[in-house]
Each structure stands twice: as structure tokens, then as C-alpha cells.
Amino acid sequence: MTWEPGNQVEAERLEKLQRLRDDGVDPYPNRVQRTHTTAEAVAAFEAAEASGADPPVVTVCGRIVRRNIKGRASFMHIEDGAGRVQLFLRQDNLGDAVYDQVKEKALALGDFVQARGPMMRTRAGEVSVMATELALLAKALSPLPVIKEQVSEEGVRRFGAFTDPEERYRQRYADLAVNPDVREVFRTRARTVAAIRRFLDDEGFLEVETPILQPLYGGAAARPFITHHNQLHQDLYLRISFELYLKRLLVGMYDAVYEIGRDFRNEGVDRKHNPEFTQVEFYKAYIDYEGVMDLAERLVSGVAAQVTGSTRIVFQGHEIELAPPWQRVTLRAAIRERTGVDYAAHPDAASLRAAMRAAGLEPGDDATWGRLVDDMLGDYVEPHLIQPTFVIDYPRDISPLAKAKPGSPNLVERFEFFIGGLEMGNAFTEINDPLDQEQRFLEMGRLYAADDEEAHPVDEDYLRAMRYGMPPNGGFGMGVDRLVMLLTDQPNIREVILFPHLRDPDRDGAES
RNA sequence: GGGCGCGUAGCUCAAUGGUAGAGCAGUGGCCUUUUAAGCCAUUGGUUGCAGGUUCGAGUCCUGCCGCGCUCACCA
């Protein structure tokens, strides 16, 4: 099977490729030279200019992003990962053969080239490479969207665009190639992950890697993806959280561990959810959820400061201060404030449902008590939590891994924290009583046995680990993608995931 | 899964039910300091897919595919 041009532009480019080959030009040569990035070349020239030294002679490489062919002198801008620089191309300097390639437009927008020559400044004042050598490095056969820029005092105006979300995600390489803002988002993402890692390393945590393919799944409320190991004849699950493996390591006498990695949840896809997403979880012995709150505040505000230079960010028009201390509100008070319902006065599902109806809410028909409480949180409280807020003390029956709150049989020592109206993370004082944990697993099994979903499995090996003795500890999980959304002011999780999941377009009736 | 909206040239977008267009890109010219370069000329379309209504469908109807927003789901 051989590629056929899909349109006229591609056909013409393929023809030019053949013409270059006929002329003995290798459109994809093996050998490349580069002495400077575009940014280094400009900096070297400016330094020489300032000191009165001779202008440097440089060899630069990059993609042609602008081309202005005039008679016997032409200009190109080439871009590499560091920036862009103009090439000044004169027939006198390049010789007829090479200049003909320019003039005949054998070198097109999108092609990669290598140019060598002394740096200079044009009459218009732009630092440029006065090319004495010019060579093709890689021919582009398909045209990228063309985006022009007008640089002025007021900033950069852009003309032309590549904005269709579907095509941007399906062809992220093209999106990145033409949209520098998008490239910057993923640089910020990389700095965010690095800053999280640095913070936890400095706090004495050990970074570990635990199984992604798991014989049992657990640690969160979600349906898993299922796969199969052929030789072992065994079904496996892609993990929905790291929790149960990380806590096993506390039994193994690491005081503090963390993992940054991918979780997979077989659930709906929307602005805040991708089937695979990046999570950071940490577990630390000898602290409770108060200690975790302290770490969470310092982690998030410290990462923001490192990544953006400030603890004050703007997200979707809201100014948000991430510096500690964050607001703390009990779930009970938060819900009472927003709905008028005090769930503590209605300790069973039936009476809580009645109270919700009396307050004008619409409670789910077969929701458990804890589920009703959680619904009120999501519907009436969460959208208002713009400034960072810990919501603490959750219903026991939606928190099977969190330790009970002394004196409150329905509550556990758990918090979730919210920023910008997004649920950012979840944490608790972890259960370390193996018999209690076993009962909680069994309760969960009963509570949700009615659901048609696969029953949640009890992880017997996890209980065995806990029976060897687990130190008291606090645990924490946070969505890294959502943190990047906050720090880059992106409203959609797909804008911070390089290759987000999309439906297969090559189905019946679809364009292929 | 439900509701609403969208799908037209490589990209961004037009087009009362009546000959499918523009800008950029491309192609052919002119130009040895341009920079959204300019000027002249010009190519490019199975209007997402399949049906239907109509003398006539990009436009109206039905189904399907994909995307967006939203609701639901997410122990």
C-alpha cells in the first residue's frame, strides 16, 4: 500500500519531491549539522553586537514557517524548539543552483532546512542569518494550517488559525506544530509534575511504582477496564487507583511513599474526565488527615509558585489565592449553608430524603444516606468552592477506607479539596485496623450488591498485609491533570492531555 | 444514554430552497532588505455518510457517524 496525495497541494508537493530527487537532492538526508539553536544564534549575535565583535557564523536548523520570495533575494523564518530566526537568502550568496530551489519554491512551508552563514541585522532591524549555505533536511508532503503573526507594540496578532477541537486532538502533532500556546501548556504540565516530585522528594517521600495491571481493582469508586493475560489465562484490571498497593508499602516499613502515574476509569468522558488520567498519591506514616491538609496546602501552593511564579492564579476569570491557610468547612456545615438541610438531624436515608424534599431538592430514589449527602455536595456546594477549600468529615458509607471519626458513628476523617469549582483531591486518616477494614469492605459489598454493576471485590491480600501491622497514616490523592488545568487556565481536561481519548472515526458511515 | 448545536476547499469561514464563494495556503508571473510583504493571473469541492421531500437540496425531513455544550451515569 502506497500513500496517495489526498488533494492538489499534496500532489504538487509530491511532484516537487520527485523533482528534487531527480536533481540529486536527498530530501531526507541522514547527516545534519547545527551549531546554534535559533535562540542561541540570536543571542550570540546580540552579544557580539554589544561588544563590537565580528558577527558569529552559525549553522541553524528548523521548520520553514514563513516564506517571502522576492526576485533575487528572499526571506524565510525557520522555527525550532527554542524559537525562530529569519534567514536572508540572496542569489549572490547562495549560488544559482541553491537559489533556484528557493525561487522555484522547492522549499515550502513546513519543510525542515539547515542554513549556515554569518549573522546580520536587516535594514528593518531584524536579526537574521545571511545564508551562504542552505540544505533541505526533511520535506513536508502535507500542508500544515498557515498561521501568520503581526508583531507590534501591542503584542502579537495572529491571522489564520487551527481551532477545530476534533482535528486538534486527533492530530495533536499538527496542533502543536502551529499553535505555540498549546506547546506552552505542555511545558507547564512537565514543570508541574517535576515540581510535585521535587516537593515530595524534599519532604522525605520515596517514589515507587506499583502495578498498573492488577488482579483485583480497588481504592476508588469506579468501574475498571478489563484485559487478559494470554499465557496465564487470567483476566486483569487496569488500576483505578494506587491506594491499596501504596499502603502495603507502609507495612513494609517505608515511612512515606508516593507515586505519580496513570489511572484508568471506565466511566463517562466529559470536560473534567478522561478515561486515563494522571494521579499523584502519597501515604505517610504517623500523621492523620490534619497532617495531610498541611502537606496538601504546601504542595499545591509551592508547585504553583514554582510553575507560575506566584501563588495567585487566574482560572476562568476567577482570581484564586493558593497560599495557605485554606478554608476548612465541615461537609455538614457546607451543605447546611447551601441547601438548608442539616443531614446530622436526619441520620437515615428515609428521613434525609424527606428533609431534602421539604427543602425543595430532588433526592435520588434509591440512594443511600451517604449517597444523598454526596449528591448535595456535588450539586449545591462544589460549584461555589472557587477559593481553595477543604471539605472535611464525610459519611462513613461512601468512604470505605477512611478511619471513623471518634464520637461520630456516621462520619469518617476524610476531606476532599476544591479549587476553582473543581474537585482536586481526596484524603483521609487511613484505616489501619484490619478487622475494621474487613467489616468495611463487607459493608460496601452489601450496600452496592443491589447495583447491577460487578460487585466490588474484597482484596484479601491487602487485609493480610494489614494484619501484619500497619502504622497509623494519612493518605492523599490528587488529579494532576486538573491541577494543570488550574495552572494553565484551561477549561477542558483534553487541553492538558496530549492525546486525549476520542471515538474511533473509522466506523460505518464515517469518513475514513 | 437524553437534550441542544455543529459538520462546506489543506486551514478559517460565507452562501432566501434556484449556477457552491472569500481570505490564507497552493500554482504561474514581477520584484536584491521583506516581515499579515505587495501587485497581476489562476487551480482547487462526492457540502460527514445513506436515504427522502421537491421541477430544483449545502439549505427542509429521517436514519447513521463524528465533534462541542449540557444533563444523567460515575459503590
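The values are calculated or read from the model by the stated rules, or taken from the named source; none is laboratory data. Quick caveat, the model's predicted, so the values are computed rather than measured. Neighbour counts run over all protein chains shown; Cβ positions are idealised from the backbone, glycine included.
Figure legend. Inter-residue proximity from segment A:9-29: first residues free of Cβ contacts under 8 Å to residues at least 40 places away in the same chain, second residues more than 9 Å from RNA strand B (Cβ to nearest atom), beta-carbon distance below 6 Å, spacing 6+ or different chains. Indicated pairs: A:Ala11/A:Pro5.
Go through the residues of segment A:260-274 one by one and say whether even a single one is in contact with a strand residue (DSSP E or B) (Cβ under 7 Å, 6 or more places away or on another chain), more than 20 Å from A:Pro500 (Cβ to Cβ) and at pLDDT 95 or above. For segment A:260-274, residues in contact with a strand residue (DSSP E or B) (Cβ under 7 Å, 6 or more places away or on another chain), more than 20 Å from A:Pro500 (Cβ to Cβ) and at pLDDT 95 or above: absent. Scan segment A:390-397 and tell me whether some residue there is within 12 Å of RNA strand B (Cβ to nearest atom), assigned to a helix (DSSP H, G or I) and within 20 Å of A:Ser241 (Cβ to Cβ). Looking through segment A:390-397, at least one residue is within 12 Å of RNA strand B (Cβ to nearest atom), assigned to a helix (DSSP H, G or I) and within 20 Å of A:Ser241 (Cβ to Cβ). Only one entry of A:Ile386, A:Ile398, A:Ile431, A:Ile392 meets the criterion of being more than 19 Å from A:Pro472 (Cβ to Cβ) and either at pLDDT 90 or above or of a type outside the set (A, V, I, L, M) (or both), and that entry is A:Ile386.
Looking across segment A:27-77, the residues that are within 16 Å of RNA strand B (Cβ to nearest atom), basic (Lys, Arg) and either outside any strand (DSSP E or B) or over 30 Å from A:Ser142 (Cβ atoms) (or both) come down to A:Lys70, A:Arg72.
Report those helices (runs of 4 or more DSSP H) wholly inside segment A:136-220 carrying at least 1 residues which are buried (at least 17 other Cβ atoms within 10 Å of the Cβ) and in contact with a strand residue (DSSP E or B) (Cβ under 8 Å, 6 or more places away or on another chain). Quick ask: steps written out before the conclusion?
Working: elements: A:165-170, A:172-178, A:180-202.
Where helices (runs of 4 or more DSSP H) fall fully within segment A:136-220 and carry at least 1 residues being buried (at least 17 other Cβ atoms within 10 Å of the Cβ) and in contact with a strand residue (DSSP E or B) (Cβ under 8 Å, 6 or more places away or on another chain), they are A:172-178, A:180-202.
Could we say that A:Thr122 is more than 30 Å from A:Val57 (Cα to Cα) and among the polar types (S, T, N, Q) here? Spelling it out, it is not the case that A:Thr122 is more than 30 Å from A:Val57 (Cα to Cα) and among the polar types (S, T, N, Q).
Determine whether segment A:95-112 contains at least one residue that is within 9 Å of RNA strand B (Cβ to nearest atom), closer than 27 Å to A:Arg157 by Cβ and assigned to a strand (DSSP E or B). No, every residue in segment A:95-112 fails to be within 9 Å of RNA strand B (Cβ to nearest atom), closer than 27 Å to A:Arg157 by Cβ and assigned to a strand (DSSP E or B).
Does A:Arg440 satisfy the condition of being among the basic types (Lys, Arg), assigned to a loop (DSSP other than H, G, I, E, B) and modelled with pLDDT under 95? Reasoning before the result, please.
Numbers: among the basic types (Lys, Arg): yes; assigned to a loop (DSSP other than H, G, I, E, B): no; modelled with pLDDT under 95: yes.
The answer is no for A:Arg440.
Let's see how each residue does on (1) touching a helix residue (DSSP H, G or I) at 6+ places or on another chain (Cβ under 8 Å); (2) surrounded by fewer than 21 Cβ atoms within 10 Å (Cβ to Cβ); (3) of a type in the set (Asp, Glu); (4) assigned by TED's automatic domain parsing to the domain that holds A:Ala48:
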| site | (1), (2), (3), (4) |
| --- | --- |
| A:Val58 | yes, no, no, yes |
| A:Gly62 | yes, no, no, yes |
| A:Arg67 | no, yes, no, yes |
| A:His77 | no, yes, no, yes |
| A:Arg84 | yes, yes, no, yes |
| A:Val102 | yes, no, no, yes |
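On the stretch given as segment A:285-299, residues that are farther than 19 Å from A:Tyr254 by Cα and more than 27 Å from the chain's Cα centre (by Cα) total 1.
So, A:Val85, is that one in contact (Cβ under 8 Å) with a residue 60 or more places away in the chain, on the phi < 0 side of the Ramachandran plot and part of a strand (DSSP E or B) or not? Quick ask: steps written out before the conclusion?
Details: in contact (Cβ under 8 Å) with a residue 60 or more places away in the chain: no; on the phi < 0 side of the Ramachandran plot: yes; part of a strand (DSSP E or B): yes.
Answer is no for this residue.
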